[in-house]
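The values are calculated or read from the model by the stated rules, or taken from the named source; none is laboratory data. In this text, all values refer to a predicted model and were calculated from it rather than measured experimentally. Here the Cβ is made from the backbone with ideal geometry for all residues, glycine too, and neighbour counts use every protein chain on show. Protein only, heavy atoms only, side chains kept; ligands, DNA and RNA dropped before computing areas. Shrake-Rupley method; radii C 1.70, N 1.55, O 1.52, S 1.80 Å.
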Amino acid sequence: RVSASVLDDTARYPAAVVTAIAAAAAEAVRNSQRHAGPDAHTRVDATSTPARLSVYISDTGTGFDPNSVPASRLGISVSIEGRMSKIDGGSATIESQHGRGTTVSLSWTRTN
């Protein structure tokens with residue numbers, strides 16, 4: 001389910017930004033579907049202004065300790081955080097706790 005809280009449909013973004021956010025969001029949704037548990041609900045929200053684009057993926061799943069993810073697991077470190085860190089103004093934050101679900105926040109802020 002996608003919920004568009006605040007979207008500016010006139011805003012334009014560099015292709016690299018849209019590609020990075022879309023790919024990182026897709027990975028976050030796949031991770032949610034794969035790991036959150038059978039009764040979890042996943043939600044995607046987006047906000048946009050001419051200067052900022054943000055996507056939030058949250059679930060009601062089992063949660064996990066982000067600091068305990070092995071370096072060999074590339075979904076978060078490469079496919080989400082790595083992708084977003086490669087674009088100027090990009091960032092990714094993963095918040096999760098056991099039993100409290102997970103939220104992945106992806107954002108890009110125009111730097112010029």
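Of note:
- For the chain, the dipole from Cβ point charges (+1 on Lys and Arg, -1 on Asp and Glu) about the Cα centre works out to 180 debye, to the nearest 20.
- For R12 and V69, the difference between the fully extended length at 0.36 nm per residue and the C-alpha to C-alpha distance is 17.0 nm.
- Averaged per residue, the chain has 60 square angstrom of accessible surface, using a 1.4 angstrom probe with ligands and nucleic acids left out.
- Cβ-Cβ distance of A26 and N112, R₀ of 22 Å, FRET efficiency by 1/(1 + (r/R0)^6): the value works out to about 0.25.
- Extreme residue, positive dipole direction of the range 25-76, given options A26, P38, P66 (C-beta unit charges): A26
- Other residues with beta-carbon under 11 Å from the beta-carbon of T19 carry, at +1 per Lys or Arg and -1 per Asp or Glu, a net charge of +2.
- Label sites at R34 and T49, each approximated as a point 7 angstrom past Cα along Cα to Cβ, lie 3.5 nm apart.
- Each distinct pair of alpha carbons in the range 38-98 adds a 1/r term; the inverse of their mean, the Kirkwood radius, is 13.3 Å.
- q = 0.10, 0.12, 0.18 Å⁻¹: log10 I(q)/I(0) that the Debye formula gives for the chain, counting C-alpha atoms only: -0.28, -0.40, -0.87
- Cα-based helix-to-principal-axis angle, 15-35 vs the chain, degrees rounded to 10: 20
- When a 1.4 Å probe is rolled over the protein heavy atoms, the share of accessible surface on the chain that falls to carbon and sulfur comes to 53 percent.
- A DSSP coil position with no more than 11 other Cβ atoms inside 10 Å describes the following trypsin sites (Lys or Arg not before Pro) in the range 1-100: R1, R12, R73, K86.
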